[in-house]
Amino acid sequence: MSWTDTLYQGYTRRLADLEGNPNPFAHGIAWTGRPDFVPIDEAKVPLLDQRFLKSDLTYDVPTVWNGRFFRLDDYLDRFEKSLAKLRLTNPLGTPGLRDKLVDTVATSGIRDASVMMIVTRVLRYIRQTPPVDCVNNWHLMVTPYFWIMEEAVQQNGGSAVIERRRIPTGAIDATIKKLQGGDFTRGIMEARDRGAQYPILTDGDGNLTEGSGFNILLVKDGKLYTPKPGALVGVTRKSVLAVADRLGIPWVTEDVAVSLIYEVDELMMVATAGGVMPVTQLDGKPVGDGSVGPLTRALLKGYWDAHYDPEVSFPINYH
């Protein structure tokens, strides 16, 4: 049995344990600032919330794997930076939010979870109301872990295409986690029109940025390249580059020309929802020899192994 077989079988077994679970939150739990938790399908927010009318919010999605929170403090740090850039405030404060996240997961009983935290400007729009006068609100939900790339695809690698430009960073700051994803949605639809699964977007000036919810890593002659401008500062990318350091794999974060991606030996997507995900076909042609490469496999294993490292993860005391 391969290491990845063990990884996915463990996940499948834990997911199966949720079936028939009497816990009303076993398939998802939500908290919207009210005293009590509710099952995810019963959660409600006002239609006038600016989250829906103007996408006036920020969010982040840390994860739990086999009952352990992974790099939670890194996600909270990025979240607080996004809040500050948008002139939003965390009503709970960072320590209070951390405790609430842990308590919510513990109440759900879900051992492999995607944990989504959202702060919105609520019912007032900043055209009429200064940000300082807007009381911000919380939306928090925990659901079973979500995969961008399913197990069967990860085994042999996915297919991607190079698409038109990302929203320019001069218009929307790419370092802020947000739901203004029209360019991503368009990219996904156009990728499917071209017979591929995933889009990789450019900056319109000859450089790569990121994909629809994932950073990219290119491997050329044993070295990793990952775009810096126009891309989210990914916690998963940070985790993978830490693994690369331990394995002695050199890397750079810089402008990456679109032309380089057609010359690479290996290509991978990295995201919270899926970890390290190999791409073996680009614009209808094989990447490298068309198989999942050795550095991708090493980084994939190192990334998931890190979920049990007490320096970057901790166990949850389930109720």
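Structure notes:
- Residues of the stretch 26-85 satisfying the condition of being under 14 Å from THR175 (Cα atoms) and more than 18 Å from the chain's Cα centre (by Cα): ALA84, LYS85
- The residue of the stretch 51-70 that is modelled with the highest pLDDT, among those that are out of contact with any Leu (no Cβ under 9 Å at 6 or more places or on another chain), in a loop (DSSP other than H, G, I, E, B) and on the phi < 0 side of the Ramachandran plot, is VAL61.
- Residue pairs meeting the criteria (Cβ under 8 Å; at least 6 apart or on separate chains; first farther than 17 Å from LYS301 by Cα, in the stretch 236-256; second part of a helix (DSSP H, G or I) and among the small types (Gly, Ala, Ser)): PRO250/ALA244; TRP251/ALA244
- Test: residue in the stretch 235-248 that is within 24 Å of ARG164 (Cα to Cα) and either assigned by TED's automatic domain parsing to the domain that holds VAL287 or not in a strand (DSSP E or B) (or both): yes
- Scanning the stretch 273-289 for residues that are outside any loop (DSSP other than H, G, I, E, B), of a type outside the set (Ser, Thr, Tyr) and on the phi < 0 side of the Ramachandran plot, we see that the one that is surrounded by the fewest Cβ atoms within 10 Å (Cβ to Cβ) is LYS285.
- The residues listed here are LEU47, LEU15, LEU57; of these, the one that is buried (at least 19 other Cβ atoms within 10 Å of the Cβ) and of a type in the set (A, V, I, L, M, F, W, C) is LEU57.
- Just one of the listed residues (VAL292, VAL270) is closer than 21 Å to ASP5 by Cα, assigned to a loop (DSSP other than H, G, I, E, B) and either in contact with a Lys or Arg (Cβ under 6 Å, 6 or more places away or on another chain) or hydrophobic (A, V, I, L, M, F, W, C) (or both), and it is VAL292.
- Residue in the stretch 123-133 that is in the same structural domain as GLY182 (by TED's automatic domain parsing), modelled with pLDDT under 95, acidic (Asp, Glu) and farther than 16 Å from ALA271 by Cβ present: no
- Across the stretch 213-223, the number of residues qualifying as assigned to a loop (DSSP other than H, G, I, E, B) and crowded, with 21+ Cβ neighbours inside 10 Å comes to 1.
- The stretch 70-96, residues that are touching a residue at least 40 places away in the same chain (Cβ under 8 Å) and under 14 Å from LEU140 (Cβ atoms): LEU72, TYR75, PHE79, ASN90, PRO91, LEU92
- Residue that is nearest to GLY274 (Cα to Cα) [pool: residues in the stretch 188-198 that are in contact with a strand residue (DSSP E or B) (Cβ under 7 Å, 6 or more places away or on another chain) and surrounded by fewer than 24 Cβ atoms within 10 Å (Cβ to Cβ)]: GLN197
- Criterion applied to ILE29, ILE40 was being modelled with pLDDT of 90 or more and in contact with a helix residue (DSSP H, G or I) (Cβ under 8 Å, 6 or more places away or on another chain), and the one residue passing it is ILE29.
- Selection status of TYR145, farther than 20 Å from THR253 by Cβ, in contact with an Asp or Glu (Cβ under 7 Å, 6 or more places away or on another chain), surrounded by 14 or more Cβ atoms within 10 Å (Cβ to Cβ) and modelled with pLDDT of 90 or more: yes
- LEU300 being part of a helix (DSSP H, G or I), buried (at least 19 other Cβ atoms within 10 Å of the Cβ) and in contact (Cβ under 8 Å) with a residue 12 or more places away in the chain: yes
- Any chance LEU48 is hydrophobic (A, V, I, L, M, F, W, C), part of a helix (DSSP H, G or I) and farther than 14 Å from THR104 by Cβ: no
The values are calculated or read from the model by the stated rules, or taken from the named source; none is laboratory data. Just so we're clear, the structure is a prediction, and the values are computed from it rather than from any experiment. Counting neighbours? That spans all protein chains shown, and the Cβs are built from the backbone with ideal geometry, glycine included.
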